[in-house]
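The structure appears below as structure tokens.
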Amino acid sequence: MVGDKGWKKWLVICAFLLPNFIGFLFFIGIPILASLGLSFTKWDLLTSPEFIGVENYKAIWHDAEFWAALKNTLLFIILYLPTVLVVALGIAMLLNKKMKGRTFFRAAYFIPVISSWVAVSLIWKWLFNPAYGLVNYFLSWFGINGPDWLQDPNWAMIAIVLTSVWKDTGFVMVLFLAGLQNISETYYEAADIDGATPFKKFLHITIPLLTPTTFFILIISLINSFQVFDQVMIMTEGGPAGSTTVLVQKIYNHAFRYFEMGYASAVSWVLFLIIFIVTLVQNRLQKRWVDYEQ
Amino acid sequence: MKKTGIFAIILLLLIGIVAGCSGESSTGKSKDGVVTLKYFAFSPGEAHEKDLKAMIAAFEKQNPKIKVDYELASFEDYFTKLQTQIAGSNAPDVFELNYENFVSYAAKGALLELDPLIKKDKEFNPDSINKKAYEAFQYDGKQYGMVESFSNVVLFYNKDLFDQAGVEYPSESWTWKEELEAAEKLTNNKGVWGTYAPVQFWEFYKTIAQNGGSIFNEDKTEVTVNSPENVETLTWMMDKMNKYHVTPTEKEMSGQANEDLFKAGKIAMLRTGIWMFDGFKDVPFKWDIALEPGNTQKAHHFFANGLAVSKKTKNAESAWKWAQFMSSSEEAAKIRIDSSWELPAVTDEALVKGYLEKSPPESREVVFKALDSLVVPPVIEEWSKLTDMFGKELDKVKLGQETPENALKNVEKELQTLIKK
């Protein structure tokens, strides 16, 4: 159907891209650029923005709460990332075996992924209730006197991490499953002939051949976990005593509660820069550990 | 055919964009001279939307040339939406503000000064509104808002528990000392706690006032939070939990709301808002309210909602009429009282009488007596920062990470930077 002339082809392509592009432009593209501009202003949303140069960025440097929020965000990532990777890989390996009810379990583990964060957070808030929650009830079977979870600054972040792992495992598991199914059986057969133990097969075949998938998951999860927000907002609102305040929550507070849209924009751009640099570094490092099958 | 189809699609999309950007003209005036006001509110919620509709109907009947178009949002979303609308030059003509946020909006110049409109309006008499409540919506001596309703916090008590323990009901002359004595008798090993007040910022600024303390000096140029009286107050608030064990700690409450514990007959004395009257209506025990015991003096919370007019409205006079109607008209006040939707701040005795005659609680006059010793929230421009910071420090005290002395020292330092900005 495409005409003989090149421009007609382009017209068709543009016509199909246009709706999406316009949506992106107005709801994402322009706001992103605007936030960059706003990050150099002081703007309370009620009166006109006032240009103040890099003052906001300077203020971030001296803002103890920014560093505290960054520290909490990093703590979340350090606790969350390895856990979700290990748990999801374990489940993916199990569900990759030929077993009864495999489809059912694959679907079951995916349900949290499509549930809303608000619902999940509220349910887990109840599960973590120190006196009536199922978590501490379960622990009491083993004679463990469970902590106060969300009211205890030492445990609140761990509770949030556990909730996040529960919700995201299904997604990561599906990616791992796809990766596992891409590994050719021939490697395992060859290893069998050489008399390799299951553990050795896992260590020397599965892990290396999964590295492209792992790399992808790492990038995606890291970007997402730098932006952790919903569960924190609902489960703890950053408390107790600020022990779970994360960066995006700080952005939200400045933008919509403290009348400081300019400062909030600046923090957003700092967050972007952090994510950007981390992703760049990951990309560089991938050559060292990611094996792409020849 | 195909070609024209593609062109048509592109054309349609472009038209869509242009139309979407230009927006409609926003004077809100139609050809027949009827003005449409945009009104944005949070206080009706779902429960009172029908009452708001009734008010609008009454208003439109009085003012056939004005139509009110309302939009509602929950309190959590309201201010985000309002700010976005104002930032997008799409502000509602009239909107609700609670007292705390009123100060921020007035200070930032987003509100229309109402004094010229008040002077012009021959029918409006400020004396029809409770003076203190009316003046709460002034900033820099100018009227920027109209109070529509108020609420306060008093001492609720479970009469049955008092009878069982053989303790006299709380009286006006009670101080913290009598409260503690009663609470110690009321607390028992069957899970009943004598008294409850949360340890958080709002409770704190009122409780220090009961001990003669304050957070700022009168004109909010100096921080007075770190005083011996206030340290004593905070220590008292903590002691009720940790020393006298007449108030449950957060752990002991394990996620249950204090109102629910009161309803379950587990708390004998509870400081909470008069908005709970409806919620406590059907409990299986007798209860009443009293003035809060103070230490050296009485002090009671005062919360108010009001209507403000956007500085950018094109229909100032109609907007004023609506704000005035919601604030001081008999019609609006009557609907409010009949539906138990907060308390109008009107002085009309017939209306107030209707409120007093309702029960429970029997001693509704306490609600008005409490107004004689009201403390308004110590609002500054950086209000949300103040409440967040304060909440964090009080959290630390509750967790035992900080002593009351040190927490107030930290707060003092932070507040000094906040009021200097």
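Within region A:1-37, restricting attention to residues that are surrounded by 11 or more Cβ atoms within 10 Å (Cβ to Cβ) and not in a helix (DSSP H, G or I), which residue is nearest to the other protein chains (Cβ to nearest Cβ)?
This residue is A:Gly3.
Return the residues of region B:191-221 that are without any contact (Cβ under 8 Å) to a residue 40 or more places away in the chain and assigned to a loop (DSSP other than H, G, I, E, B); say none if nothing qualifies.
Passing the criteria: B:Gly213, B:Asn217, B:Glu218, B:Asp219.
Looking only at region A:55-90, which residues are of a type in the set (A, V, I, L, M, F, W, C) and at pLDDT below 95?
A:Ala64, the sole residue that qualifies.
Would you point out the residue of region B:372-408, among those that are crowded, with 16+ Cβ neighbours inside 10 Å and more than 14 Å from chain A (Cβ to nearest Cβ), that is farthest from A:Gly242 (Cα to Cα)?
Applying the filter and picking the extreme gives B:Ser373.
Within region B:45-70, which residues are within 23 Å of the chain's Cα centre (by Cα) and on the phi < 0 side of the Ramachandran plot?
Once the filter is applied, which keeps residues that are within 23 Å of the chain's Cα centre (by Cα) and on the phi < 0 side of the Ramachandran plot, region B:45-70 yields B:Glu46, B:Ala47, B:His48, B:Glu49, B:Lys50, B:Asp51, B:Leu52, B:Lys53, B:Ala54, B:Met55, B:Ile56, B:Tyr70.
Identify all residues within region B:174-190 that are outside any helix (DSSP H, G or I) and touching a Pro at 6+ places or on another chain (Cβ under 9 Å); write none if there are none. Please lay out each step first, then the result.
Within region B:174-190, the first condition is being outside any helix (DSSP H, G or I), and the residues that meet it are B:174-175, B:187-190.
If the condition is that a residue be outside any helix (DSSP H, G or I) and touching a Pro at 6+ places or on another chain (Cβ under 9 Å), then B:Trp174, B:Thr175 are the ones that fit.
Any idea which of (1) at pLDDT 95 or above; (2) of a type in the set (A, V, I, L, M, F, W, C); (3) closer than 23 Å to B:Glu250 by Cα is the one B:Ala290 doesn't satisfy?
(3)
Tell me whether region A:119-130 contains one or more residues that are exposed (fewer than 12 other Cβ atoms within 10 Å of the Cβ), away from every other protein chain (no Cβ under 14 Å) and farther than 30 Å from B:Gln401 by Cα.
Among the residues of region A:119-130, at least one is exposed (fewer than 12 other Cβ atoms within 10 Å of the Cβ), away from every other protein chain (no Cβ under 14 Å) and farther than 30 Å from B:Gln401 by Cα, which makes the answer yes.
Filter region A:167-218 down to the residues that are modelled with pLDDT under 95 and basic (Lys, Arg), then identify the one that is surrounded by the fewest Cβ atoms within 10 Å (Cβ to Cβ).
Result: A:Lys200.
Quick check on region B:83-93. Is at least one of its residues buried (at least 21 other Cβ atoms within 10 Å of the Cβ) and modelled with pLDDT of 95 or more?
Step one: filter region B:83-93 for residues buried (at least 21 other Cβ atoms within 10 Å of the Cβ), giving B:83, B:86, B:91-93.
Next cut, modelled with pLDDT of 95 or more only: B:92-93.
Scanning region B:83-93 turns up at least one residue that is buried (at least 21 other Cβ atoms within 10 Å of the Cβ) and modelled with pLDDT of 95 or more.
Assess whether A:Ala59 counts as being within 14 Å of chain B (Cβ to nearest Cβ), of a type outside the set (S, T, N, Q), touching a Phe, Trp or Tyr at 6+ places or on another chain (Cβ under 8 Å) and part of a helix (DSSP H, G or I).
Yes; evaluated as a whole, the condition is true for this residue.
Just one of (1) farther than 12 Å from A:Thr245 by Cβ; (2) in the same structural domain as A:Ala264 (by TED's automatic domain parsing) trips up A:Ala68, so point out which.
(1)
Filter region A:38-54 for residues that are away from chain B (no Cβ under 12 Å) and in contact (Cβ under 8 Å) with a residue 12 or more places away in the chain; which is surrounded by the most Cβ atoms within 10 Å (Cβ to Cβ)?
Initial filter on region A:38-54 (away from chain B (no Cβ under 12 Å)): A:39-41, A:50-54.
Then drop every residue that is not in contact (Cβ under 8 Å) with a residue 12 or more places away in the chain, which leaves A:39-41, A:52-54.
Details: A:Ser39: 22, A:Phe40: 18, A:Thr41: 19, A:Ile52: 15, A:Gly53: 9, A:Val54: 11.
Taking the candidates together, the pick is A:Ser39.
Could you tell me whether region A:251-274 includes any residue that is under 18 Å from the mean Cα position of the chain (by Cα), more than 14 Å from every other protein chain (Cβ to nearest Cβ), at negative phi and without any contact (Cβ under 8 Å) to a residue 24 or more places away in the chain?
Yes: one or more hits.
Being within 14 Å of chain A (Cβ to nearest Cβ) and modelled with pLDDT under 90 is true for just one of B:Lys413, B:Lys421, B:Lys353. Which residue is that?
None of the others qualify; the one that does is B:Lys421.
Let's see how each residue does on (1) among the basic types (Lys, Arg); (2) not assigned by TED's automatic domain parsing to the domain that holds A:Ile223:
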position: A:Lys5; (1), (2): yes, yes
position: A:Ile30; (1), (2): no, yes
position: A:Leu46; (1), (2): no, yes
position: A:Leu75; (1), (2): no, no
position: A:Leu79; (1), (2): no, no
position: A:Lys97; (1), (2): yes, no
position: A:Lys100; (1), (2): yes, no
position: A:Phe105; (1), (2): no, no
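To keep it simple, each residue is scored yes or no on (1) of a type outside the set (Val, Ile, Thr); (2) over 22 Å from B:His300 (Cα atoms).
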position	(1), (2)
B:Ala350	yes, yes
B:Tyr355	yes, no
B:Val366	no, no
B:Leu371	yes, no
B:Pro377	yes, no
B:Trp383	yes, no
B:Thr403	no, yes
B:Lys409	yes, yes
B:Lys413	yes, yes
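Specify which of the listed residues (B:Tyr105, B:Tyr70) is buried (at least 17 other Cβ atoms within 10 Å of the Cβ), of a type in the set (Phe, Trp, Tyr) and modelled with pLDDT of 95 or more.
Being buried (at least 17 other Cβ atoms within 10 Å of the Cβ), of a type in the set (Phe, Trp, Tyr) and modelled with pLDDT of 95 or more holds for just one of B:Tyr105, B:Tyr70, which is B:Tyr70.
The values are calculated or read from the model by the stated rules, or taken from the named source; none is laboratory data. Remember, predicted model here, so these are calculated numbers, not experimental data. Positions of Cβ are generated from backbone atoms using ideal geometry, with glycine treated the same way; all protein chains shown enter the neighbour counts.
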